[in-house]
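Single-structure report; data block below.
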């Protein structure tokens, strides 16, 4: 356990253990308390690392879903542009047919 725990954590744990040391407590008992505090600190740091990893995963998933939604919006805009051009064509199509039929009528009769 000591090999995984940094010297800084060990020093901090020993300082906390000495600060809370009761009168008549032996050095061995203080060392045991310090080891318990070391374990608590290392567990806390592990939990914090896990939380950070989970937050990063969630952030990446949000970014991915945002990119997917943006790409679908771009696709919808392309469909909407096609619909707009179709609507414009549908708006002028009857008038175009009328003009063509009159032109055909005029050319047929005056030939």
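Yes/no per residue for (1) more than 24 Å from residue 5 (Cβ to Cβ); (2) touching a residue at least 40 places away in the same chain (Cβ under 8 Å); (3) loosely packed, with under 10 Cβ neighbours inside 10 Å:
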| residue | (1), (2), (3) |
| --- | --- |
| 26 | no, no, yes |
| 31 | no, no, no |
| 40 | no, no, no |
| 46 | no, no, no |
| 58 | yes, no, no |
| 61 | yes, no, no |
| 67 | yes, no, no |
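Given the conditions (1) surrounded by 10 or more Cβ atoms within 10 Å (Cβ to Cβ); (2) at pLDDT below 90, which single one is not true for residue 104? Unmet condition: (2).
The values are calculated or read from the model by the stated rules, or taken from the named source; none is laboratory data. Note that the coordinates shown come from a computational prediction; the quantities given were computed from them, not determined experimentally. Reconstructed Cβ throughout: ideal geometry from the backbone, glycine too, with neighbour counts over all protein chains shown.
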